[in-house]
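The values are calculated or read from the model by the stated rules, or taken from the named source; none is laboratory data. Every value quoted in this text rests on a predicted model; they were computed, and no experiment measured them. Heads up, the Cβs are rebuilt from the backbone with ideal geometry, glycines too, and the neighbour counts pull from every protein chain shown. Keep in mind that these areas ignore ligands, DNA and RNA; they rest on the heavy atoms of the full protein, side chains included. Shrake-Rupley method; radii C 1.70, N 1.55, O 1.52, S 1.80 Å.
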Amino acid sequence: MRLTEMQLQQFATEGWLFLPELFTPEEVAVLGAEAEAIFRTPREEIWREKSGAPRTAFAAHTYNEAFRLLGAHPRLIEPVEQVFADRLYMHQFKINAKAAFDGDVWQWHQDYGTWARDDGMPEARAMNIAVFVDEVMPINGPLMLVPRSHRHGVLDAGHDLATTSYPLWTLDQDTVGRLVDAGGIVAPVGKPGGVLLFHGNLVHGSAGNITPYPRKIVYLTLNAVGNAIRTPTRPEWIAHRDFTPIEPVADDALAAYAQRFARAAE
Ligand code: SIN
Ligand code: MN
């Protein structure tokens, strides 16, 4: 799958691009069922909110077949290879739960700020792509983006170890206020199967979820092979050390897996 010139232009100018319904309801349903099962397991790679609700499951592509197929899916790999003109490896892979009633906030931050400071990533040549597993609505804690904020490079940040259960390099209110005055805020919403690409330096965050609607999103962090991390400080299952280029699977591999999964459940 290739992005058009207009899509590449929007990504370069605004720092984000939304591709609605890139995956079918069948493909996403199997991801949702597998995610729920993963959240019920006691693995160390699953972090919980202070309430005990699941927050993030790391590295599911290394032990779950449906997420392995998603992590090598050509509809995700090819557009990002196109943007970076390089092969890609998986720097990080996470399923964020934003659980019904209990999903906690993600403070304003830039992803590359963390990858640079904590993992020693040389340049902002990695990208987070968000795959909507549930419907993302204006009310259930959608990801909020500050358009064009990626043009400011890495901004000063403080290491927030207290607000949520997840340590994050967060931006202060003055900085966010200035960037929002210039670029506003967008919160792409849509059905399960939508995909959001955003630049590693784009400022973003999300509010808590007090609705009965969970908001599961899978994030692939794809890094250009030539930009592999140099000085990781976090565990291997948060910042991967396998820099082997991803070989995309067949475009129908996840759909075929979903069919086998549905038949097994009959
Ligand atoms: C993130 O920024 O890494 C996650 C934010 C979210 O899932 O709302
Ligand atoms: Mn982030």
Sole miss for G52 among (1) more than 16 Å from ligand 2 (Cβ to nearest atom); (2) closer than 29 Å to H150 by Cα; (3) touching an Asp or Glu at 6+ places or on another chain (Cβ under 9 Å); (4) of a type outside the set (D, E, K, R) is condition (2)
Picking from V180, V189, V136, V146, which residue would you name as being in contact with a helix residue (DSSP H, G or I) (Cβ under 9 Å, 6 or more places away or on another chain), at pLDDT 95 or above, among the β-branched types (V, I, T) and within 15 Å of ligand 1 (Cβ to nearest atom)? V146
Does region 149-167 include one or more residues that are part of a strand (DSSP E or B), under 19 Å from the mean Cα position of the chain (by Cα) and within 13 Å of ligand 2 (Cβ to nearest atom)? no
Just checking, which of T244, T175 is over 27 Å from G158 (Cα atoms), β-branched (V, I, T) and modelled with pLDDT of 95 or more? T244
If you take the residues of region 134-170 that are of a type in the set (A, V, I, L, M) and open to solvent by 20 Å² or more (accessible area, probe 1.4 Å), which of them is farthest from F11 (Cα to Cα)? A162
Strands (runs of 3 or more DSSP E) wholly inside region 1-113 that include at least 2 residues being under 18 Å from the mean Cα position of the chain (by Cα) and farther than 25 Å from I238 by Cβ: 16-19
Report every pair of residues separated by at least 6 positions or lying on different chains whose Cβ atoms are under 7 Å apart, first residue within region 244-262 and in a loop (DSSP other than H, G, I, E, B), second open to solvent by 40 Å² or more (accessible area, probe 1.4 Å). P245/R87; P245/V225; P248/E78
For region 121-133, does any single residue satisfy the condition of being surrounded by fewer than 19 Cβ atoms within 10 Å (Cβ to Cβ) and not in a loop (DSSP other than H, G, I, E, B)? no
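Here's the yes/no breakdown for (1) more than 18 Å from A130 (Cβ to Cβ); (2) more than 16 Å from ligand 1 (Cβ to nearest atom); (3) within 18 Å of the chain's Cα centre (by Cα); (4) open to solvent by 30 Å² or more (accessible area, probe 1.4 Å):
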{"position": "P212", "(1), (2), (3), (4)": "yes, yes, no, yes"}
{"position": "T221", "(1), (2), (3), (4)": "no, no, yes, no"}
{"position": "R241", "(1), (2), (3), (4)": "yes, yes, no, yes"}
{"position": "P248", "(1), (2), (3), (4)": "yes, yes, no, yes"}
{"position": "L254", "(1), (2), (3), (4)": "no, yes, no, no"}
How about region 50-68: which of its residues are on the phi < 0 side of the Ramachandran plot and open to solvent by 10 Å² or more (accessible area, probe 1.4 Å)? K50, S51, A53, P54, H61, T62, Y63, N64, E65, R68
